[in-house]
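Can you keep this structure in mind? I'll have questions shortly.
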Amino acid sequence: MRHDIVLVGLNHRTAGVDVRERFALAEHCAPETWAIPCGGPVAEALILSTCNRVELVGVGAGGGEIRECLLRSWARARHADPEELTPYLYEHRDIKAVRHLFAVASSLDSMVLGEPQILGQLKQAYRKSVESHSTGVILNRLLHKAFSVAKRVRTETAVAANAVSISYAAVELARRIFGDMPTHRALLVGAGEMAELAAMHLLQAGIDEIVVVNRTRERAVELAKRFHGRAAGFDELGARIAEADIVITSTGSPEPVIRARDLRAVLRTRKNRPMFFIDIAVPRDIDPDVNGLDNVYLYDIDDLREVVEENLAGRREEAAKAEAILDEEVAQFSRWLQSLESQPTIVDLVHRGERAADEELARTLKRLGPLNDTQRAAITAMAHAIAHKLNHAPIMFLKEDGMAREGAPARVSLVRRIFALDAPHGRRGHGE
């Protein structure tokens with residue numbers, strides 16, 4: 001039986017955010033709202049819907065019919081016409097679809113190369129598909145293989161190494177300077193999205209205590225509570241800076257909120273212990289003159305962008321190694337798919353040989369007359385061994401590693417015709 005794999009989708013490269021939002025399927029992945037009916041040409045289905053991509057995978061017989069079913073279901077779920085999707089779509093079939101899914105799982109197709117979120121999103125999509133009873137032999141194997149490929153890529157390459165977001169780069173720089181993060185204190189000045197991301201990365205780096213200072217104290221309290229920290233008002237900024245080793249600022253102030261003249265007294269109270277300032281605000285929150293103070297390290301958003309770009313370049317180099325891993329894994333999966341297509345014919349060949357051996361044994365044993373158990377067993381074993389030897393060549397022909405998947409149906413058809421595997425049993429000759 002042929003198993004066609006079809007993947008259709010749109011992503012950050014083919015569609016703007018308004019289109020991605022228009023055709024998102026996040027609300028159509030639960031069992032009660034599952035968007036793709038499994039039946040007809042589609043036997044198995046998967047929906048991956050994130051802020052940067054929407055992809056549908058269908059498995060069944062007849063690639064063109066699968067594609068049309070996926071598009072109709074997708075459009076229907078979004079109260080649209082399939083033609084509205086067409087300008088933004090890409091499509092992959094069979095082994096190209098397999099490779100694409102491996103690349104997605106390994107974050108080689110992401111907006112930020114090597115980002116870790118997509119693998120978790122793909123695992124969640126697979127769980128939803130399982131809950132909706134939309135997976136089978138092919139998708140189960142394909143998704144588990146995609147997860148293991150992603151693990152190989154992260155283990156054997158550095159494609160996910162180094163900071164490639166501004167907030168993460170800021171924390172990585174702090175780690176380089178201080179080393180033992182759990183023994184240091186951090187202060188966030190501002191409570192917006194960048195501060196929130198920085199707080200998350202600080203906790204992951206091992207910082208035990210985070211203090212949040214914000215002009216709106218309620219927002220500072222809310223953010224501090226989420227990250228098990230403390231909140232303080234803007235009037236306490238000077239005192240809180242004196243306690244901190246790492247200060248990350250991201251306010252919306254039009255003027256600097258930290259100046260060199262304010263820090264001189266702070267440094268005296270700290271007995272010149274090093275301080276690390278990261279200014280990720282535009283316009284800048286920290287007076288550049290701060291960089292001239294002893295034992296003070298100041299980085300602004302331009303410095304961090306340079307770090308991010310260097311790290312992205314390093315990730316791109318590692319991506320070439322990851323592509324080689326994908327080549328190997330795709331070839332292995334292709335061989336497994338090929339074996340699925342030829343397996344029923346191999347089983348039929350074996351059964352045909354065993355049946356022919358048994359029929360000829362029955363005739364021969366009648367003519368030979370009485371035999372003891374040892375003699376009967378020897379003749380039976382010989383007959384089955386001959387059948388197996390005769391089957392060896394056609395079975396190897398079907399299993400041949402170099403056979404492209406596109407050529408598998410032709411080989412299967414040829415073997416079935418030569419050995420009359422589809423002929424009624426009564427029409428087979430005595431020579432079989």
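The values are calculated or read from the model by the stated rules, or taken from the named source; none is laboratory data. Fair warning: this is a prediction, and the values are worked out from it, not measured in the lab. Using ideal geometry, Cβ is built from the backbone for each residue, glycine included, and neighbour counts are taken over all protein chains shown. Surface accessibility is based on the protein's heavy atoms, side chains included, excluding ligands, DNA and RNA. Shrake-Rupley method; radii C 1.70, N 1.55, O 1.52, S 1.80 Å.
Which condition from (1) touching a Cys at 6+ places or on another chain (Cβ under 7 Å); (2) open to solvent by less than 10 Å² (accessible area, probe 1.4 Å) is the one that Asn11 breaks?
For Asn11, the exception is condition (1).
Could you list, in sequence order, all residues of region 135-163 that are in contact with a strand residue (DSSP E or B) (Cβ under 9 Å, 6 or more places away or on another chain) and open to solvent by 30 Å² or more (accessible area, probe 1.4 Å)? Give the derivation first.
First pass over region 135-163, keeping only residues in contact with a strand residue (DSSP E or B) (Cβ under 9 Å, 6 or more places away or on another chain): 135-140, 142-143.
If the condition is that a residue be in contact with a strand residue (DSSP E or B) (Cβ under 9 Å, 6 or more places away or on another chain) and open to solvent by 30 Å² or more (accessible area, probe 1.4 Å), then Thr135, Val137, Asn140 are the ones that fit.
Now a separate question. Confirm whether Arg240 is out of contact with any Gly (no Cβ under 9 Å at 6 or more places or on another chain), surrounded by fewer than 18 Cβ atoms within 10 Å (Cβ to Cβ), over 15 Å from Ala170 (Cα atoms) and among the basic types (Lys, Arg). Give the derivation first.
Details: out of contact with any Gly (no Cβ under 9 Å at 6 or more places or on another chain): yes; surrounded by fewer than 18 Cβ atoms within 10 Å (Cβ to Cβ): no; over 15 Å from Ala170 (Cα atoms): yes; among the basic types (Lys, Arg): yes.
Judged against the criteria, Arg240 is not a match.
Quickly run through region 105-125 and pick out the residues that are surrounded by fewer than 22 Cβ atoms within 10 Å (Cβ to Cβ) and of a type in the set (Ser, Thr, Tyr).
Passing the criteria: only Ser110.
One residue is enough: does region 164-186 have a residue meeting the conditions open to solvent by 30 Å² or more (accessible area, probe 1.4 Å) and touching a Phe, Trp or Tyr at 6+ places or on another chain (Cβ under 6 Å)? I'd like the intermediate steps shown before the answer.
The initial filter retains those residues of region 164-186 that are open to solvent by 30 Å² or more (accessible area, probe 1.4 Å), namely 165-166, 168, 172, 175-180, 182-185.
Within this subset, residues satisfying the condition of being touching a Phe, Trp or Tyr at 6+ places or on another chain (Cβ under 6 Å) are 177, 184.
Yes, some residue in region 164-186 is open to solvent by 30 Å² or more (accessible area, probe 1.4 Å) and touching a Phe, Trp or Tyr at 6+ places or on another chain (Cβ under 6 Å).
OK, next. Out of region 220-235, which residues are at pLDDT 90 or above and open to solvent by 60 Å² or more (accessible area, probe 1.4 Å)?
Listed by number, the residues that qualify are Val221, Glu222, Lys225, Arg230, Asp235.
Among the candidates Ala378, Ala356, Ala362, which residue alone is within 30 Å of Ser413 (Cα to Cα) and under 58 Å from the mean Cα position of the chain (by Cα)?
Values: Ala378 fails: within 30 Å of Ser413 (Cα to Cα); Ala362 fails: within 30 Å of Ser413 (Cα to Cα).
It is Ala356.
If you go through region 89-104 one residue at a time, do you hit one that is modelled with pLDDT under 95, open to solvent by 40 Å² or more (accessible area, probe 1.4 Å) and not in a helix (DSSP H, G or I)?
No: zero hits.
How many of the residues making up region 196-210 are under 17 Å from Ile280 (Cβ atoms) and touching a helix residue (DSSP H, G or I) at 6+ places or on another chain (Cβ under 7 Å)?
9
Here is a further query. Count, please, the residues in region 32-82 that happen to be out of contact with any strand residue (DSSP E or B) (no Cβ under 7 Å at 6 or more places or on another chain) and either crowded, with 21+ Cβ neighbours inside 10 Å or within 24 Å of Gln121 (Cβ to Cβ) (or both).
Adding up the residues that qualify gives 13.
Yes or no, residue by residue, for (1) modelled with pLDDT under 90; (2) in contact with a Cys (Cβ under 8 Å, 6 or more places away or on another chain); (3) surrounded by fewer than 19 Cβ atoms within 10 Å (Cβ to Cβ):
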| position | (1), (2), (3) |
| --- | --- |
| Leu263 | no, no, no |
| Met275 | no, no, no |
| Ile278 | yes, no, no |
| Pro288 | no, no, yes |
| Leu312 | yes, no, yes |
